[in-house]
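Contents: one structure, followed by commentary.
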Amino acid sequence: MLTHVQITSTRPVTTAHLAQTMTLLSLPIDELAEQIETELSNNPALEMLEERHCPTCHRPMPDKGVCPICSRPTNLNPEEAVVFISTREDFYPQGEPASEDYPDEPISPSVEDLPTFVMRQIATELDDGDRIIGAYLLTHLNEDGFLTTTLYDAAMYLHIPVSRVQEVQAIIQRAEPIGVGSFTPQDALLVQLDVLAETEIIPELVVPIVKDHFDLLTRHHFADLAKIYDTTQRQIQKLAKFISENLNPYPARSHWGNIRQPGLSEEQVYRQPDIIINHMNEDPSERLMVEIIIPLRGTLRVNPLFKAAISQTAEQTKEDMKTDLDRASLFVKCLQQRNHTMLRLMQRVVSIQKGFILLGDKNLKPVTRVQLSKELEVHESTISRAVANKSVQLPNRKIIPLSSFFDRSLNVRTVIKEMIDSEKRPLSDSDIVILLSKQGFNVARRTVAKYRAMEGILPAHLRHLN
DNA sequence: CTATGGCACGGATT
DNA sequence: AATCCGTGCCATAG
């Protein structure tokens, strides 16, 4: 791991250096991982040390996420969040298929993957023949927990009737994570509803909406849905809330975030977070801890043996080796640069947006990237790149894009929503402007209208109270 | 006359 | 330099 984040930038800054730093900075975690892996396998001058060091105290660290020696550093201001860099595996022990790198190594129980996890639950319900079917289906899951094969193909491959495959699929779908082994998010939701109905009361209309108008639901076309089911938009929003709180359209992923987040596509919102913000030891009374996830285990560095070997090599290959060496040291440097920037950025962001992180959307302070770039004394495009394509996991386990921290309107939008939710009579946009200004939000009437539309709320004269 | 939606300008972001 | 977002101005519906 790249524990030494302080920069020793006495090295001449080449254009190559700049270009690569900028590229790496804007990369999300999974692409960064690929980048590191290709670099590592193409460049013999790079070396990966298994041993890790605690980024705070620099002492060797055992296989745990938090350094046992300095997990509660006393030399820090208790108001400030602790920021450090962590490897990915620390937090996603079962997310990584160990089989890719070590195909022959048996999967130990602690790093159980999704298929194994599901199989263990359902094994007792199946006889030997069905187990083969289950195993076949479970090996055709994608990272979201959906089947990548069809029932027909499975039946053909196993020489059995489709109906039997279907029976097994139904059993899989009911295992944890519920809905796994479905074909689409819609299927998964229906299964979850079915299971949920056994213990809870499902509000009316939820099932028909998911079943018949799923596309409208995902696009938040609440007005259209209200019309179809002859009810109020408010009612539909309640149902949507129920759905997002109780169901998960991607069984293998942890959360149903806000799919309307600007800037990132739906796909990106659900990915592995680049940054995790949580309380120390998961204890809410403790101060916040911010982890910038590095997608590799261990320490990446220039191989000293390779460096030493150069002087003993024939002139011919010497040049090539020198090139490799330069590339390697450049790469490591760029990576350190990236970490350093992310670290400083998050430190500042978290201390500014603490209210938002702990108390919710309406406490978001509208900070611009430019402000931050001045505070941190970097170019604004640096901040821009650092924020781009990154996602953050909050203490409440929601995964949101890092750009949300710079959303100039989220707080106001939330307050508007609350106002309308608790209004006694339909408030017009200009009424809302006045109420907002009393709370210190100065926005134009026109803007209120836009936010209202963004949240899918009808104009005042069309809102009927239930 | 009031409440809203459409279009366009200027600053922020990429 | 191209694009996005908040706002102001104006037209339209009720």
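Coordinate-derived values only; no laboratory data. The shown structure was predicted, so the numbers you read here are calculated from the model rather than taken from an experiment. No Cβ is skipped: glycine too gets one built from the backbone with ideal geometry, and neighbour counts run over all protein chains shown.
A compact table of results
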{"read-out": "Hz values of 3J(HN,Hα) by residue in region A:439-447 - Karplus curve (6.51, -1.76, 1.60), Gly and Pro given as x", "value": "8, x, 9, 9, 10, 6, 4, 4, 5"}
{"read-out": "For region A:181-216 and region A:420-466, distance of Cα centres in Å", "value": "32 Å"}
{"read-out": "Extension gain (nm, one decimal) between residue A:380 and residue A:202, 0.36 nm per residue minus Cα-Cα", "value": "59.2 nm"}
{"read-out": "Rounded, prolate or oblate (a/c below 1.5 giving rounded, otherwise prolate when a/b exceeds b/c) for region A:410-465 by Cα gyration tensor", "value": "prolate"}
{"read-out": "All lysines inside 18 Å of residue A:307 as judged from Cα atoms, apart from same-chain residues fewer than 8 positions distant", "value": "A:318, A:322, A:333"}
{"read-out": "Spatially proximal lysines relative to residue A:438 (Cα-Cα < 26 Å; intrachain offsets below 8 disregarded)", "value": "A:354, A:362, A:365, A:417, A:424, A:450"}
{"read-out": "Computed log₁₀ I(q)/I(0) - Debye formula, equal Cα scatterers, no solvent, region A:114-256, q 0.15, 0.16, 0.20 Å⁻¹", "value": "-0.76, -0.83, -1.11"}
{"read-out": "Extension gain from residue A:125 to residue A:49, taking 0.36 nm per residue of separation minus the Cα-Cα distance", "value": "22.9 nm"}
{"read-out": "Using a Förster distance of 22 Å, the FRET efficiency for residue A:321-residue A:31 (Cβ separation, nearest 0.05)", "value": "0.20"}
{"read-out": "Ascending count of other beta-carbon atoms within 10 Å, so fewest first, for A:157, A:451, A:229", "value": "A:157, A:229, A:451"}
{"read-out": "Computed magnitude of the charge dipole of region A:114-256 (debye, nearest 20; Cβ of K, R +1, Cβ of D, E -1)", "value": "380 debye"}
{"read-out": "Calculated FRET efficiency for the pair residue A:359/residue A:437, C-beta based, R₀ 30 Å, to 0.05", "value": "0.85"}
